[in-house]
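The structure appears below as structure tokens.
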Amino acid sequence: MEIKCHRVASGCARGPALVTLDAISFLGNVDAATGTVVDPAHELFGQCIAGKVLIFPGGKGSTVGSYVIYQLKKKGLAPAAMINIRSEPIVAVGAIISGIPLVDRVGEEILQTENGTVVEVDAAGERIRIFRED
Amino acid sequence: MYLSREEEAVYQGERGETLRRMMEILVALGDIYGAERLVPVKSVQIAGVSYKNIGEAGLEWISDLQGKVAVPSILNPAGMDLCRWQEMGVSEDFAIKQQQTIEAYRRLGITIDCTCTPYQIYQGLAGPGDHLAWSESSAVSYANSVIGARTNREGGPSALAAALVGKTALYGYHLDENRLPTHLVEVEADLRGSDYGALGFLVGRIVKDGVPFFRLPGQRPSLDELKALGAAMAASGSVALYYVQDVTPKPPTGGQPEETLHLDRKEIDEVYARYQAEGADAVALGCPHCSAEELERIAGLLQGQKVQKELWVCTARKIAQANSALVAAIEESGAHVFCDTCMVVSPATERFSRMLTSSGKALSYLPGLAGVKAGLGSLEDCIDAALGRR
């Protein structure tokens with residue numbers, strides 16, 4: 001299946017989906033040393049975001065979150081790509097400075113994607129491919 | 001968003017990877033906020049300087065960048081006095097990281113002035129109607145409100161992007177439609193000095209990100225008082241633009257504020273009563289950074305006396321250098337005049353338990369950012385407390 005989207009940060013990458021209905025504050029929610037969600041109140045608590053296509057409504061919290069994304073990338077612990085319903089500046093800037101493909105402006109049905117489904121984000125082509133198992 | 005042919009070439013990476021990413025930041029923000037195009041900026045003030053705030057992640061990012069800024073660019077306060085950090089009680093580990101951060105910025109062609117008051121040291125950075133990309137909330141407020149320039153409150157990366165590209169996305173406070181007053185604020189009180197910080201502390205909490213229009217009958221706030229008012233509102237709320245009738249530049253025509261607030265002396269006094277000096281183990285002045293006039297008043301109040309408590313007076317290095325006799329007079333009392341930093345962004349503040357200040361901005365930030373309780377007093381009360389008179 002192919003879905004149209006809007007490019008925020010360029011690049012193309014694929015990986016297993018990791019989906020949450022919760023917004024993410026990279027400063028505080030995610031441990032930069034392990035790439036794991038450490039906030040017990042977050043839906044993804046205990047999950048590692050490294051190498052995943054992280055699908056979430058958008059970012060929130062401190063602007064330092066942009067640098068946390070950069071640090072994750074340098075340690076090889078960043079998501080392969082990210083999909084937002086609507087990007088806000090913290091995650092947008094974090095993805096751009098880190099070279100992580102990020103797209104937004106997709107329908108909320110994307111949040112129904114099952115965890116582990118292989119998803120490809122092609123930011124330059126402004127499309128998302130979802131490889132469903134038959 | 002519309003890009004000129006030249007901007008498009010940068011966006012496609014024809015002028016290198018750093019500029020490509022910087023342009024991508026500007027375009028992403030422009031798309032998020034619905035900007036039609038980019039606009040050239042006259043100057044940039046960059047946040048994300050204190051190592052306490054940006055940490056290893058931020059330092060790595062800044063160190064990895066290539067290129068030179070396209071327009072005059074200066075920095076926000078750092079986490080320490082760049083020369084006298086030991087005297088502040090800053091650790092050597094922190095000092096090394098802070099110096100590395102400063103050097104990374106210097107390499108990009110940024111002028112190493114670390115201050116929240118760029119307008120006090122360089123007249124040419126901002127004039128009426130100029131588009132800017134400034135970061136520090138009180139500087140943004142002053143530029144928009146007192147100077148009549150136009151700037152959003154930029155984050156660290158977006159300010160750096162504006163500095164390297166020389167442009168910013170045209171949205172928010174760059175546009176007349178977002179510069180209309182949202183609240184009319186009538187204040188029946190004689191106001192002086194720190195009263196403006198107390199007033200801003202109250203109003204920011206109420207109007208949040210609104211644009212207040214003040215009527216202050218019989219009052220004629222000085223530039224330092226306007227600085228204090230804007231700084232407090234930007235900290236207790238996120239006010240980036242305000243007006244004072246017959247004092248600041250006027251708002252664009254059209255629209256009427258939807259809400260009206262009435263405040264009087266009683267409400268200002270309640271702020272002092274709620275945030276008392278009692279138990280303060282340190283006193284800090286210069287948030288935002290002291291002007292030459294403020295240094296002069298402080299020197300006058302301290303004259304010939306010795307402080308009993310730690311007293312910090314924060315200012316920009318250029319102001320301290322241009323007023324070295326005043327600085328010497330203040331330090332004669334045992335007080336410290338620290339440059340490049342302030343009580344809000346330095347980790348050195350954390351060793352105190354309660355700090356007395358004349359700033360409505362520091363009053364908002366000290367508990368959350370430094371874990372230090374804060375009291376508010378007039379400049380005279382602050383000096384009295386430092387001298388052990390109360």
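The values are calculated or read from the model by the stated rules, or taken from the named source; none is laboratory data. The model shown is predicted, which means the values in this text are computed figures rather than measured ones. Every residue, glycine among them, receives a Cβ derived from its backbone with ideal geometry; neighbour counts consider all protein chains shown.
Okay, here's what the table says:
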read-out: Every residue from region A:84-119 that is facing chain B (nearest Cβ under 8 Å) and among the hydroxyl-bearing types (Ser, Thr, Tyr); value: A:87
read-out: Members of region A:95-134 that are aliphatic (A, V, I, L, M), assigned to a loop (DSSP other than H, G, I, E, B) and modelled with pLDDT of 95 or more; value: A:100, A:106, A:123
read-out: Qualifying positions in region A:60-83 - free of Cβ contacts under 8 Å to residues at least 60 places away in the same chain, β-branched (Val, Ile, Thr) and either farther than 15 Å from residue B:61 by Cα or within 7 Å of chain B (Cβ to nearest Cβ) (or both); value: A:63, A:64, A:68
read-out: So residue B:379, is it surrounded by fewer than 20 Cβ atoms within 10 Å (Cβ to Cβ), in contact with a Ser or Thr (Cβ under 8 Å, 6 or more places away or on another chain), within 23 Å of residue B:199 (Cα to Cα) and modelled with pLDDT of 95 or more; value: yes
read-out: Residues of region B:295-316 that turn out to be farther than 20 Å from residue B:362 by Cα and either crowded, with 20+ Cβ neighbours inside 10 Å or not aliphatic (A, V, I, L, M) (or both), as a count; value: 9
read-out: Condition broken by residue B:270, with the remaining ones in (1) in contact with an Asp or Glu (Cβ under 7 Å, 6 or more places away or on another chain); (2) surrounded by fewer than 22 Cβ atoms within 10 Å (Cβ to Cβ); (3) outside any loop (DSSP other than H, G, I, E, B) satisfied; value: (1)
read-out: For residue B:236: the one exception among (1) at pLDDT below 95; (2) surrounded by fewer than 17 Cβ atoms within 10 Å (Cβ to Cβ); (3) polar (S, T, N, Q); value: (2)
read-out: Scope region B:138-152; condition surrounded by 24 or more Cβ atoms within 10 Å (Cβ to Cβ) and out of contact with any His (no Cβ under 8 Å at 6 or more places or on another chain); matching residues; value: B:138, B:139, B:140, B:141, B:142, B:143, B:144, B:145
read-out: Candidate set: region B:26-40, residues that are farther than 19 Å from residue B:177 by Cα and outside any strand (DSSP E or B); chosen: the one nearest to the other protein chains (Cβ to nearest Cβ); value: B:28
read-out: Failed item in (1) among the acidic types (Asp, Glu); (2) at pLDDT below 95; (3) out of contact with any Pro (no Cβ under 8 Å at 6 or more places or on another chain), with residue B:103 passing the rest; value: (2)
read-out: Hey, residue B:159 under 21 Å from residue B:70 (Cα atoms), away from every other protein chain (no Cβ under 14 Å), outside any loop (DSSP other than H, G, I, E, B) and in contact (Cβ under 8 Å) with a residue 12 or more places away in the chain or not; value: no
read-out: Every residue from region B:328-376 that is within 21 Å of residue B:193 (Cβ to Cβ) and β-branched (Val, Ile, Thr); value: B:330, B:337, B:344, B:357
read-out: Any hit, region A:2-9, residues being away from chain B (no Cβ under 14 Å) and touching a Leu at 6+ places or on another chain (Cβ under 9 Å); value: no
read-out: Qualifying positions in region A:70-90 - within 18 Å of residue A:12 (Cβ to Cβ) and assigned to a helix (DSSP H, G or I); value: A:73
read-out: Residue among B:58, B:48 that is crowded, with 23+ Cβ neighbours inside 10 Å, within 14 Å of chain A (Cβ to nearest Cβ), touching a helix residue (DSSP H, G or I) at 6+ places or on another chain (Cβ under 7 Å) and at positive phi; value: B:48
read-out: Subset of region B:278-294 (residues that are in contact (Cβ under 8 Å) with a residue 40 or more places away in the chain and surrounded by 19 or more Cβ atoms within 10 Å (Cβ to Cβ)); value: B:280, B:282, B:283, B:284, B:285, B:286, B:287, B:288, B:289, B:291, B:294
read-out: Among residues of region B:127-181, those that are within 18 Å of residue B:117 (Cβ to Cβ) and either at pLDDT below 95 or under 15 Å from the mean Cα position of the chain (by Cα) (or both), counted; value: 20
